[in-house]
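Since the structure comes first, as structure tokens, the remarks are kept for the end.
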Amino acid sequence: MADTILSLPIMTPATADALAAERKTEELSCSELETLYQIRRPDVLRFLIRFGVDAVDAEDITQQIFLNAFDKPQKRPDNLFHWVLACARNLAINRYHRGKREILAPAESWKFWKDTLVDKQVDPEACFYRKERHIRLAQAFSQLTPVEQQCLMMRSRGITFRETAKTLDLTVHSAIYSTESAIRKLQRKLQAVTR
């Protein structure tokens, strides 16, 4: 193992680019990619951070670029470093767009919903009725007024009526009435389903 480490050439960024220009038609070898990764990793990280990516995502994107190059050997482009930066920019943009579509839920709400997502019954009929009930509940919830929806959501998260009223710019009585009205409407809708 010591022999292989000593036999690796010491490369600077200039020699890495010169090597890339010389062998642009050959496939990428693992040792060359490792050398390129060690030399250019800080530059790619700096580029991504200046591009607006946080440090953790920048590290992930950098590793993903070089792993993709390992997994899918390609012909060398004319300028390998610029190719790496273009890939980094494209991956950062893709991650940004994906992040806009994803809504991150707080950990405590995931703990609450985790138990409801697991189907403990294997009975298909019970599963069908439960699914039907969820659909009706979602329809009933969508028919509530926006104030009733907000009051119910805030109350389900443990927020007091006083805090709800202050947040929604209502009186405490209005917050209580809106929450109770929403619960009554949902109960009526669910009782209609069970009949």
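Values in this text are rule-based calculations from the coordinates and carry no lab data. Owing to the predicted nature of the structure, the values given are computational and were not obtained by experimental measurement. Heads up, the Cβs are rebuilt from the backbone with ideal geometry, glycines too, and the neighbour counts pull from every protein chain shown.
Numerical summary
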read-out	value
Karplus-derived 3J(HN,Hα), 6.51/-1.76/1.60, for each residue of segment 160-169, Hz, glycine and proline x	5, 5, 5, 5, 4, 4, 5, 5, 8, 6
Estimated FRET transfer efficiency (residue 174, residue 46; beta-carbon r; R0 45 Å; 0.05)	0.25
